[in-house]
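The values are calculated or read from the model by the stated rules, or taken from the named source; none is laboratory data. This structure is a prediction, so every number in the text was calculated from the model and none was measured. Glycine gets a Cβ as well: all are built from the backbone with ideal geometry, and neighbour counts include every protein chain shown.
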Amino acid sequence: MRFADLLAFAWQVLGGYRTRTALILLAMGIGVAAVVAVSAIGEGARLYVVNQFGSLGTNLIIVLPGRSETAGAMPGVLMGKTPRDLSIDDALALKRSPSILRIAPLIVGAGDVRVGSRIRETPVLGTTAEFIRVRQMAMAQGLFLPEGDPRHGQPVCVIGAKVASELFGARQALGEWLRIGDRRFRIVGVLAKQGQSLGFNTDEIVVVPLSAAQALFNTEALFRVMVEAKSREQIPDAKADIEEILRQRHEGERDVTAITQDAVLATFDRILRALTLAVGGIAAISLAVAGILVMNVMLIAVTQRRKEIGLLKAIGATGAQIRAAFFTEAVMLALGGAACGLVVGKLGQLAIGQAFPDIPFTAPWWAVIAAPLTAIVTSVLFTVVPAKRAAMLDPVMALSKR
Amino acid sequence: MIRLTGIERVFRVGDEAVHALRGVDLLIEQGEYLSIMGPSGSGKSTLLNILGLLDRPDAGRYELNGHDVTGLADDELARVRREAIGFVFQFFHLVPRLTAAQNIELPMVLAGIDPAERRRRLDKLLGEYGLEARAGHRPDQLSGGQCQRVAIARAMSMGPTLILADEPTGNLDRHTGQEVMAVLERVHREGGTVAVVTHDPEIGARAQRRIRLVDGEIAGDASA
Ligand SMILES: Nc1ncnc2c1ncn2[C@@H]1O[C@H](COP(=O)(O)OP(=O)(O)OP(=O)(O)O)[C@@H](O)[C@H]1O
Ligand SMILES: [Mg+2]
């Protein structure tokens, strides 16, 4: 039997039993669509998190006081005891490392920001000029903090886009003065809109020189130091240098933690990838269900088409040809179902993409390949028994009854 | 040429044995036209099924066109059926979802004959059996007589040497039945061996050789 004829024959069967065909296509389609859509959601969540970390800056190492043995845990989770503070001098000493490109010490607090009679409480960030490059942020207007000795900053500040609009409305903020507590700062720049980045909205902050923040919050201690390594390859060296320099400065005690963005990212990446696989796998169960449906329908078909199978044998079909006809039918159903499912899954993905435009929903390549493949394999496997039964049918018995 | 020697066929129902055929010896020359008659349950269909290689005898030897086909494997039997034997059934057994033309084509499709050649033979068959106008119709749009003509055209599509018909007129009125017999007889005139099982003495009498089965044994073998 020619392959084209085999296809045509199976096609005629599918066309001859339309309700049945539509039902299986539906079941297969739902299974494939579920796998595609669900894994697209998982993958979207993963990419979202990865991008969030990426927006922190590249080749980043975050140094924070206190020791934690949990490499790769979230910064906020690290609640080690703090035997010694990180000082500005500690931070500046890190520049000695040949693997470190730039550093930005950080102090964070909340302050009442005042312009005329308007008051707004915002997070206040004390840092140095290099912060903007370490974090890879952009300016909407003006300049970032000026370069200079971090111990003696000028009374200037940079404000987030939202702070600017809330305090000044449509008025020009650049060059104006604002008060934080009892200190006055001249606004030299407005940050470009960036939005949420790891729970920290840079549109709502005010950035002041490090020394000013120290005075405002009455502390010498740094919240953390952000370090940018010269390249991705040099991140481990930079990390080792940081630990060594600070150990020496802290009388031999390892009392700081250096977290590389990669380590944190890798953990998230692993967790979310596993999660996507797991939910994809659960969705794949629906494919197995579709497979069982195929088997049922095929078994019914063997009974329903007894006479036809008997006739085919009488006019010279071999057992192999009968089996081939059944398998072709099963594969065609699976392919059709998979195609429908991929289209529906893709549409579903686009629909949730519309609902949550921030999250990059994309079905991972393995799901797009595995889902149709699973559909085909299950439907072929579940056709083995019915096809065998059909091939073994006794033609005399099949033809003798009306 | 067909030679049956000592053919036995025993069916087991529970622990009872039903002897459908007992020691049947039969020699049929190429081009013979024979009818097989006998009471219900005498083994007519069983004999026809064994002749058509759809069923295997429990004992005895079957020679078809000089070859012993008794011990052939299933796939080889299928090949012989495809190449050398055509079946016509009481209930036509057309595939309901296929058109008349597609039904006629089916044995050629199974044999892997290329579409151009199929087309050529199909056109010829449609013409010979007066089915040109019905080629695109499905069985449920055809009359009984037309269905049987389609079935005969299908049986003839591979150019078999042996045509086996089990009560081909059993489901047709007298007039249509005689028409169908005329079609089968044309096959015989063109050199085919035709064996017809029937209950109708009038139809049985049309054959040159009449075989009578009783209780699985050949009780009469008369040539006109
Ligand atoms: N598959 C089977 N299992 C058991 N017994 C069978 C089977 N097929 C046929 N028989 C028996 O074998 C005998 C011959 O049957 P067969 O069908 O050949 O008769 P027949 O001459 O064609 O009868 P009819 O004229 O009614 O068609 C009968 O007694 C029948 O009951
Ligand atoms: Mg019978």
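The residue that is modelled with the lowest pLDDT, among those in the range A:115-164 that are basic (Lys, Arg) and touching a helix residue (DSSP H, G or I) at 6+ places or on another chain (Cβ under 7 Å), is A:151. Quick one: count up the residues across the range B:3-48 that are closer than 25 Å to residue A:315 by Cα, within 15 Å of ligand 2 (Cβ to nearest atom) and touching a residue at least 24 places away in the same chain (Cβ under 8 Å). Result for the range B:3-48: 12. Please state which one of A:256, A:297, A:279 is more than 20 Å from residue A:51 (Cα to Cα), touching a Gly at 6+ places or on another chain (Cβ under 6 Å) and in contact (Cβ under 8 Å) with a residue 40 or more places away in the chain. Going through A:256, A:297, A:279 in turn, the sole match is A:279. Of the set (1) within 13 Å of ligand 1 (Cβ to nearest atom); (2) over 16 Å from residue B:209 (Cα atoms), all apply to residue B:23 but (1). The strands (runs of 3 or more DSSP E) falling completely within the range B:153-224 that include 3 or more residues that are under 15 Å from the mean Cα position of the chain (by Cα) map to B:162-166, B:193-197.
Every listed requirement among (1) modelled with pLDDT under 90; (2) within 14 Å of chain A (Cβ to nearest Cβ); (3) surrounded by 16 or more Cβ atoms within 10 Å (Cβ to Cβ) is met by residue B:154 save one, (1).
Sort out which residues of the range A:318-340 are within 14 Å of another protein chain (Cβ to nearest Cβ) and free of Cβ contacts under 8 Å to residues at least 60 places away in the same chain, and write them in order of number. Answer for the range A:318-340, where residues must be within 14 Å of another protein chain (Cβ to nearest Cβ) and free of Cβ contacts under 8 Å to residues at least 60 places away in the same chain: just A:318.
Report yes if some residue within the range B:58-69 is assigned to a loop (DSSP other than H, G, I, E, B) and within 16 Å of ligand 1 (Cβ to nearest atom); otherwise report no. Yes - at least one qualifying residue is present in the range B:58-69.
Residue pairs whose Cβ atoms lie under 9 Å apart, separated by 6 or more positions or on different chains, with the first residue in the range B:109-136 and more than 14 Å from residue B:151 (Cα to Cα) and the second crowded, with 16+ Cβ neighbours inside 10 Å and of a type in the set (Phe, Trp, Tyr), are B:109/A:9. Any residue in the range A:367-381 that is modelled with pLDDT of 85 or more and part of a loop (DSSP other than H, G, I, E, B)? Within the range A:367-381, none of the residues are modelled with pLDDT of 85 or more and part of a loop (DSSP other than H, G, I, E, B). Could we say that residue B:130 is more than 10 Å from chain A (Cβ to nearest Cβ) and on the phi > 0 side of the Ramachandran plot here? It is true that residue B:130 is more than 10 Å from chain A (Cβ to nearest Cβ) and on the phi > 0 side of the Ramachandran plot. Tell me, which residue of the range B:169-220 that is within 16 Å of ligand 1 (Cβ to nearest atom) and exposed (fewer than 15 other Cβ atoms within 10 Å of the Cβ) is farthest from the other protein chains (Cβ to nearest Cβ)? Checking each candidate, the answer is B:220.
Residue B:78 passes every criterion in (1) within 14 Å of chain A (Cβ to nearest Cβ); (2) surrounded by fewer than 18 Cβ atoms within 10 Å (Cβ to Cβ) apart from (2). Just one of the listed residues (A:396, A:377, A:385, A:343) is among the hydrophobic types (A, V, I, L, M, F, W, C), closer than 30 Å to residue B:103 by Cβ, more than 14 Å from every other protein chain (Cβ to nearest Cβ) and surrounded by fewer than 20 Cβ atoms within 10 Å (Cβ to Cβ), namely A:385. Taking the conditions exactly as written (part of a loop (DSSP other than H, G, I, E, B) and at negative phi), does residue B:35 satisfy them or not? In short, no. Exactly one residue out of B:117, B:63 is under 19 Å from the mean Cα position of the chain (by Cα) and of a type in the set (Asp, Glu): that is B:63.
The single residue among A:284, A:278 that is crowded, with 18+ Cβ neighbours inside 10 Å, more than 30 Å from residue B:89 (Cα to Cα) and in the same structural domain as residue A:381 (by TED's automatic domain parsing) turns out to be A:284. When the test is whether a residue is at pLDDT below 85 and under 24 Å from residue A:368 (Cβ atoms), residue A:272 passes it. Checked against the criterion of being under 19 Å from residue A:228 (Cβ atoms) and part of a loop (DSSP other than H, G, I, E, B), the candidates A:136, A:172 yield just one match: A:136. Pairs are defined by a Cβ separation below 6 Å, a sequence spacing of at least 6 or placement on different chains, a first member in the range A:211-234 that is under 30 Å from residue A:265 (Cα atoms), and a second member that is assigned to a loop (DSSP other than H, G, I, E, B); the pairs so defined are A:221/A:85; A:222/A:86; A:228/A:59; A:229/A:59; A:229/A:99; A:230/A:99; A:232/A:59; A:234/A:99. For residue B:41, the criteria (1) buried (at least 18 other Cβ atoms within 10 Å of the Cβ); (2) under 19 Å from the mean Cα position of the chain (by Cα); (3) part of a loop (DSSP other than H, G, I, E, B) hold in every case but one, which is (1).
For the range B:81-120, the set of residues classified as among the polar types (S, T, N, Q) and within 8 Å of chain A (Cβ to nearest Cβ) consists of B:102 only.
So which of A:297, A:279 ends up being over 15 Å from the mean Cα position of the chain (by Cα) and under 30 Å from residue A:32 (Cα atoms)? Exactly one of A:297, A:279 is over 15 Å from the mean Cα position of the chain (by Cα) and under 30 Å from residue A:32 (Cα atoms), namely A:297.
Residue-wise test of (1) touching a residue at least 40 places away in the same chain (Cβ under 8 Å); (2) more than 16 Å from ligand 2 (Cβ to nearest atom); (3) under 18 Å from residue B:88 (Cβ atoms).
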position	(1), (2), (3)
B:173	no, yes, yes
B:179	no, yes, yes
B:183	yes, yes, yes
B:189	no, yes, yes
B:224	no, yes, no
